[in-house]
There are 2 protein chains.
Amino acid sequence: MSCFSPLTSELPFAVRSCDRLKGSQLTRLDPADPQPAYRQIADRLRERILRGELAPGEPLPSESELIAEFAVSRPTIRSALSVLKNEGRVHARQGRGVFVRGVEPRLRRSSDRYSRRDREAGRTPVMVDTTAIGPPKIELLRFAPEPASPAVAGRLALAEGALILLTALRVYTADFVVQTSTAYMPYHLVKDSPVADPGQQPWLGDTIANLASLDVHVDRVREEVVTRASTPQEATDLRLRSGEHVFKIARTMFAAGIPVEVSDIVMAADRYVLAYEFPVE
Amino acid sequence: MSCFSPLTSELPFAVRSCDRLKGSQLTRLDPADPQPAYRQIADRLRERILRGELAPGEPLPSESELIAEFAVSRPTIRSALSVLKNEGRVHARQGRGVFVRGVEPRLRRSSDRYSRRDREAGRTPVMVDTTAIGPPKIELLRFAPEPASPAVAGRLALAEGALILLTALRVYTADFVVQTSTAYMPYHLVKDSPVADPGQQPWLGDTIANLASLDVHVDRVREEVVTRASTPQEATDLRLRSGEHVFKIARTMFAAGIPVEVSDIVMAADRYVLAYEFPVE
DNA sequence: TAGTGGTCTAGACCACGGC
DNA sequence: CCGTGGTCTAGACCACTAC
């Protein structure tokens, strides 16, 4: 397209003179650079973004403009753009263009939320700092006693196959899912109590309050954080595109040194900042 | 590789009937499926991986085999594979093949490392659980007093432009970089002390010990964790491919409620599990 | 040498969005 | 309507690895 240079077939990379380019100068790639063209192009575009030359929300030059600017074929431009997409720096919208992704404010998930003060103020510990987006809605996906898997039994220091109470939740805010959690409690702790009654559960999602009502007092929390690409299921749940990252938190609550609940919490990695504050010594 | 073992078909996961080896049956795509071919193919391959049909370390079928199996062109197969690469589920090695990525054990970075017991045992708090890989080596990149940037001044509750001591470190283990950190301390705390002397610094990387020698006693730590794609600089430092994720930890140390050090710590996200343990109430 | 993945081109058709 | 990005094809050459 454009720029019918007879040099095209002679010189594989660049060096085509093309006087009338629509706005954008021709940008030469460095043939000495061992990096392939699509990486060099991605690097140049990334620089423009990091330097603020292309501000958040702004569109990048269109594919055809980039083809003209760098004098390469469309697939090469698309490879370059896909690098930036995979880095989460831009997102494409069909029919519109490719846009620099803004730094959306992240939800803050703070270890403070386990403090008694917050609980007594009536704040649910499922998440905090919902001030900007309203209170969370909780959807109960499953709630049932089950035999513990070996992994869960190990984490709860139970015999394999012992009964646990499984609670699977999904947390929404303003109709978009922000996290899912799957929690396991030893069934013998909650049996015959309101906590084990799906219709009655008094503090859905608030393990500490639930256990306190049974005179089990959580005094220590451990959270182990990893991040990885989402599975298709998680991507569906959290409305991510497959491949976007999640935080996965394996949480254990202890009462007097005994694990009384473990849970696996999954949330969109780029929507959260995890804040931990703890004493030293 | 494939199908020499008669046991294969008995194993719970390897269900392929392997009569005539990689003749690999033709796998039909669903034309009714609104998903494009490359995604359908990626999904099928992902399933095989998640089901264990393709075990960690094993090669996927080669591109030409996949072309035959799904009856599509090479670029389509390559798009499908690039989806899985970007998810971190496989990695390609030129001239060899595409291999299922194993779950390498992650280094554990635990909040315990700030405890006095560990310090007195002589363990450096820069990282822990180095048992598997030997003690860390610390490279000092920069060590100099500087005027604080507005951001750092804010985090340290100093006036803008106040002097801070900047310490930039890189931590190696067995010759591979595991984390970088940039720390800032109010210069007035350390001025004229051995802590401010590059040649003398007694506990490089151990802020708590350094400050304790000046009678400043850290009693609380806050860490704020985010994850995002690495910048090119970080990718170089940590030997990541551009686009792989990092954890970024913004740490603040407090003594009697006053921030006495802030630091930014960056590490390869898929090499770490961050463990936090803290009391409730 | 044969097979693998890595890069690049040229050209085609489609779906979406705004005018 | 036209321009945008999304998908797909066919074919080429290269660099690396194994044998």
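Which count do you get for residues in region B:185-210 that are under 24 Å from B:P136 (Cα atoms) and more than 11 Å from every other protein chain (Cβ to nearest Cβ)? Don't jump to the end; show me each part of the working.
Taking region B:185-210 first, the residues under 24 Å from B:P136 (Cα atoms) are B:185, B:194-210.
Next cut, more than 11 Å from every other protein chain (Cβ to nearest Cβ) only: B:185, B:194-206, B:209-210.
Of the residues in that region, 16 qualify.
Residues of region B:212-227 that are crowded, with 17+ Cβ neighbours inside 10 Å, within 7 Å of chain A (Cβ to nearest Cβ) and assigned to a loop (DSSP other than H, G, I, E, B): B:V218 alone. Please verify whether B:S149 is at pLDDT 70 or above and crowded, with 17+ Cβ neighbours inside 10 Å, treating the condition exactly as stated. No: the conditions fail for B:S149. Of the residues making up region A:187-211, those that are at pLDDT below 85 and in a helix (DSSP H, G or I) are A:P194, A:V195, A:A196. Across region A:228-252, the number of residues qualifying as at the interface with chain B (Cβ under 8 Å from one of its Cβ atoms) and touching a residue at least 40 places away in the same chain (Cβ under 8 Å) comes to 1.
Residues checked against (1) closer than 27 Å to B:A235 by Cβ; (2) modelled with pLDDT under 95; (3) buried (at least 19 other Cβ atoms within 10 Å of the Cβ); (4) more than 11 Å from DNA strand D (Cβ to nearest atom):
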| position | (1), (2), (3), (4) |
| --- | --- |
| A:K22 | no, yes, no, no |
| A:G52 | yes, yes, no, yes |
| A:F70 | yes, yes, yes, yes |
| A:P75 | yes, no, no, no |
| A:G88 | yes, yes, no, yes |
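If you go through region A:46-65 and pick out every residue that is touching a helix residue (DSSP H, G or I) at 6+ places or on another chain (Cβ under 7 Å) and either in contact (Cβ under 8 Å) with a residue 40 or more places away in the chain or closer than 18 Å to B:N86 by Cβ (or both), you end up with 3. Among the residues of region B:253-281, which ones are of a type outside the set (V, I, T), facing another protein chain (nearest Cβ under 10 Å) and assigned to a strand (DSSP E or B)? Those that are of a type outside the set (V, I, T), facing another protein chain (nearest Cβ under 10 Å) and assigned to a strand (DSSP E or B): B:M253, B:F254, B:A255, B:Y272, B:L274, B:A275, B:Y276, B:E277, B:F278, B:P279.
Contact map, region B:164-180: first residue charged (D, E, K, R), second residue modelled with pLDDT of 90 or more and buried (at least 20 other Cβ atoms within 10 Å of the Cβ), Cβ cut-off under 7 Å, separation 6 or more or different chains; pairs are B:R170/B:T180. Among the residues of region B:52-85, those identified as more than 12 Å from DNA strand C (Cβ to nearest atom), under 24 Å from A:R241 (Cβ atoms) and within 25 Å of the chain's Cα centre (by Cα) are B:L54, B:V83.
Note on region B:154-166: residues that are under 28 Å from the mean Cα position of the chain (by Cα) and either outside any helix (DSSP H, G or I) or of a type in the set (A, V, I, L, M) (or both) amount to 3.
The values are calculated or read from the model by the stated rules, or taken from the named source; none is laboratory data. Being a predicted model, the structure only gives us computed values, none of them experimental. With ideal geometry, Cβ positions are generated from the backbone for all residues, glycine too; neighbour counts draw on all protein chains shown.
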